[in-house]
Amino acid sequence: AVGLPVNPETGMYIDPNTGQEMSPEQAQQMAMQANSQQAQQQNTANAPTQGDQGVPGSAVDNAVYSQEEQRQDAQNTAAQQAATYNNAPPNLKVTITNLANQLLGADLFSRQSVLQNLAARSPALANMVKERIGMISAGMQ
């Protein structure tokens, strides 16, 4: 939850939008969303410099190619991040483990639905949860 204001008296994080104190889970979620948005913005910022700009063709061809490269870069980044559960901060590991345990207790349809919704917001986080489910299923704590 880096970057969030903290109430010095209670040590609780403060939601910058409302000014109210947040639970540690809410602070983690807000930080994860901010990190995801920052990663998306970084990938988007690279898009204009990519593509087949040196090759004769229309600007539309270059833009489409650039978007395709950008999408591939984002997928590669997500794949790299997905393999980093063991390198995740302890508070994120706790959140991922709690979610993985809850999903293990859910029926298959609910589990897939939650993972699909999560993947739409943060593919890397969804992959880490899937990885953690596999680890727990294999008996790794």
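Only one of (1) open to solvent by 40 Å² or more (accessible area, probe 1.4 Å); (2) modelled with pLDDT under 65; (3) farther than 20 Å from Ala124 by Cβ is not met by Tyr13, so which one is it?
Here Tyr13 meets the rest and fails (2).
Residue-by-condition table, conditions (1) of a type in the set (Lys, Arg); (2) modelled with pLDDT of 80 or more; (3) more than 14 Å from the chain's Cα centre (by Cα):
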{"residue": "Val55", "(1), (2), (3)": "no, no, yes"}
{"residue": "Ala83", "(1), (2), (3)": "no, no, no"}
{"residue": "Gln102", "(1), (2), (3)": "no, yes, yes"}
{"residue": "Ile133", "(1), (2), (3)": "no, yes, yes"}
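Restricting to segment 132-141, give me the number of residues that are under 17 Å from Ala88 (Cβ atoms) and either touching a Lys or Arg at 6+ places or on another chain (Cβ under 7 Å) or open to solvent by 60 Å² or more (accessible area, probe 1.4 Å) (or both).
Of the residues in that region, 2 qualify.
If I filter segment 16-30 down to residues being assigned to a loop (DSSP other than H, G, I, E, B) and of a type in the set (Gly, Ala, Ser), which single residue comes out as surrounded by the most Cβ atoms within 10 Å (Cβ to Cβ)?
Ser23
Residues in segment 108-117: is at least one surrounded by 13 or more Cβ atoms within 10 Å (Cβ to Cβ), assigned to a helix (DSSP H, G or I) and at pLDDT below 85?
No, segment 108-117 contains no residue that is surrounded by 13 or more Cβ atoms within 10 Å (Cβ to Cβ), assigned to a helix (DSSP H, G or I) and at pLDDT below 85.
The values are calculated or read from the model by the stated rules, or taken from the named source; none is laboratory data. This structure is a prediction, so every number in the text was calculated from the model and none was measured. Positions of Cβ are backbone-derived with ideal geometry, glycine not excepted, and every protein chain shown enters the neighbour counts. What goes into the accessible areas is simple: the full protein's heavy atoms, side chains included, and nothing from ligands, DNA or RNA. Shrake-Rupley method; radii C 1.70, N 1.55, O 1.52, S 1.80 Å.
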